[in-house]
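The values are calculated or read from the model by the stated rules, or taken from the named source; none is laboratory data. Note that this is a predicted model, so its numbers are computed, not measured. Neighbour counts are summed over all protein chains in view; Cβ atoms, including those assigned to glycine, are modelled from backbone coordinates with ideal geometry.
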Amino acid sequence: MSYTAIQHPEAEKLLQDRLKQMVAFFRKQLPPEERQHILLAGSYGRGEGGVLIEKDQVQLHNNLDLVLIAKNKAAAQTLQQKIDELSRTLTEAHQIGIDLSTSWPWQIWRNRHQIFWHDTLHHHTQLDGSKAISTQLYGISPQPDLGQGLILVINRATLLLINALLLASVSTPQALSAKHLRLLKKHQIKATIGLSDAFFLLAGRYTPSYKARLKMLREEPHLLPLTALRERTIQAIEFRFRPSYEALSASQLAQENDLLIGLCREAIATYEQTRRHGNWEERSPQRGYTSVLRPSQRILSALKQGMQGRGLSNRNDRIVLSFLTECFRDPLHPEKLKDYLRLWGGLEDQNFSHFLARYQLAPMS
């Protein structure tokens, strides 16, 4: 079993050693009655992680996605109380970003239509646990629910809006630090791949595997109708395998972000048109998905404004529709983007909590 796409020997050993230490740490910190499985998900879990080589130093490029599956809800809640401290301890000890999450069997079954659980349970490396994970037990289908395509588009579009806010925070792109330039690039790569994933979902050809997607893009270009997005997706996947930040240009990154935002607008329109012609609602087997999508105009409006459809509630509808209508319009307004992120944080999307903190934005009550 390899962890990296290029199977770099030094990176493989580095990650293998760290994972052994992490599992030993979990076993020491968490009693057997609290944990059922420890999984390595994400790109390293399916053997496609990136390797960054700078000045002859080998580094793991992506975060480690670790999933702790507890035996029941009570055990999961106990684990959840320890998650932040565990994550900080592991990150400091191993100098790598760690995304740590926890769940229990019934919760996984309830959320089985989500793309996260589809990817995690179909493609992972099991680090601890007496039995192998069964996708049949959790009702995980070969393809994720089609409604996840909307969520992918919205999540990835938001990364581009975050980039726009970051660029708007300085007088010129050249004033950004090297760390922020890397963040811009990472967001652009993730956004590009995520937008294309939505079209794979529509075609019933989605796979978490970057290598499989790369093969399909080259051999079946019709799966992704937007040529510019298809070409950028190929470049983005190749970048993830062997990233390089040596030639980053602030002005070029700024121009690329504007271009990707325009491409995102086009992708949303094309995606919606394809969805309508494909009788999307009739093809979705998940009742939870169809209930979320009706009425479709409500979700489409939220989509165009960059809002996460599954997070909408009656209490937030008017707020969302009132100030997010111009999120994707030109020019992008920094204060509206801050309002957008504040609302996002209020809906408990933990992926953006660090950005809210950086700009001293408090989540909405």
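List of remarks:
- Cβ-Cβ under 7 Å pairs, at least 6 apart or on other chains, region 226-254 side in contact (Cβ under 8 Å) with a residue 40 or more places away in the chain, far side among the acidic types (Asp, Glu): LEU226/GLU266
- Just one of (1) closer than 30 Å to HIS8 by Cβ; (2) small (Gly, Ala, Ser); (3) buried (at least 20 other Cβ atoms within 10 Å of the Cβ) fails for ALA76. It is (1).
- The set of residues in region 187-211 being farther than 23 Å from ILE6 by Cα, hydrophobic (A, V, I, L, M, F, W, C) and out of contact with any Lys or Arg (no Cβ under 6 Å at 6 or more places or on another chain) consists of ALA198, PHE199, PHE200, LEU201, LEU202, ALA203.
- Residues within region 194-242 that are under 23 Å from ILE261 (Cα atoms), of a type in the set (Asp, Glu) and more than 18 Å from the chain's Cα centre (by Cα), tallied: 1
Let's see how each residue does on (1) under 13 Å from VAL67 (Cβ atoms); (2) at pLDDT below 85; (3) assigned by TED's automatic domain parsing to the domain that holds ARG18:
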{"position": "HIS94", "(1), (2), (3)": "no, yes, yes"}
{"position": "THR102", "(1), (2), (3)": "yes, no, yes"}
{"position": "TRP106", "(1), (2), (3)": "no, no, yes"}
{"position": "SER134", "(1), (2), (3)": "no, yes, no"}
{"position": "PRO142", "(1), (2), (3)": "no, yes, no"}
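- Members of region 24-58 that are surrounded by fewer than 19 Cβ atoms within 10 Å (Cβ to Cβ) and either acidic (Asp, Glu) or within 24 Å of the chain's Cα centre (by Cα) (or both): GLU33, GLY47, LEU52, ILE53, GLU54, ASP56
- Under the condition of being closer than 15 Å to ALA212 by Cβ and buried (at least 18 other Cβ atoms within 10 Å of the Cβ), the residues counted in region 237-248 number 3.
- ALA236 being under 30 Å from SER169 (Cβ atoms) and not in a loop (DSSP other than H, G, I, E, B): yes
- Scan of region 199-230 for residues that are among the hydrophobic types (A, V, I, L, M, F, W, C) and assigned to a loop (DSSP other than H, G, I, E, B), ordered by number: ALA203, LEU224, LEU226
- Residue count for region 1-11 under the criterion of being buried (at least 19 other Cβ atoms within 10 Å of the Cβ) and of a type outside the set (A, V, I, L, M): the result is 3.
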